[in-house]
Amino acid sequence: MSEDRYQKGMENLKKMNPDSYRNLEKLLDDVAPDMARYIAEFPYGDIYSRPGLDLKTRELVTIASITTLGSAQTELKSHVHGALNVGCTPREIIEVIIQMAVYAGFPAAINGLISAKEVFQERNEDFEK
């Protein structure tokens, strides 16, 4: 069962953001190597593989949630990359983050927008349209 979960997770990560996962795996290798596997298995293998929402919708919801935290900019940037990789537009991502100003406050939304802008610039995405 665990290997199946891991494989499903890796399939989703390949579509979304394989570089981010590999970087995390390397970062944790000497301190908590099991953590990267848990991430592949549970969120990406179990949750992201569920029916009912496509990867694009799941990434937009994830961006909203991480934005409300206001303190997970590395994870937010990773999911902005993932959202773009599964077909989200910069405008959709920006609108989701702006919407979070209502629920999480302006500081969290501003931090989210700055993180998204950095990803867009890194990828040469046109975010002004």
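Side notes on the structure shown:
- With Cα atoms, 0 to 90° folded angle of helix 55-69 axis to the chain main axis: 70 degrees
- Percent accessible area from carbon and sulfur atoms, the chain, protein chains only, probe 1.4 Å: 55 percent
- Looking at segment 27-129, the GluC sites (Glu not before Pro) that sit in a DSSP loop and have at most 13 other Cβ atoms within 10 Å of their own Cβ are E128.
- Once the Cα atoms are used to define both axes, helix 90-104 deviates from the longest principal axis of the chain by about 80 degrees.
- Compared with the dominant Cα axis of the chain, that is its longest principal axis, helix 2-16 is turned about 30°.
The values are calculated or read from the model by the stated rules, or taken from the named source; none is laboratory data. Quantities reported herein were computed from a predicted structural model and do not represent experimental measurements. Cβ sites come from the backbone with ideal geometry, for glycine too, and all protein chains shown count toward neighbours. Only protein heavy atoms, including side chains, enter the accessible area calculation; ligands, DNA and RNA are left aside. Shrake-Rupley method; radii C 1.70, N 1.55, O 1.52, S 1.80 Å.
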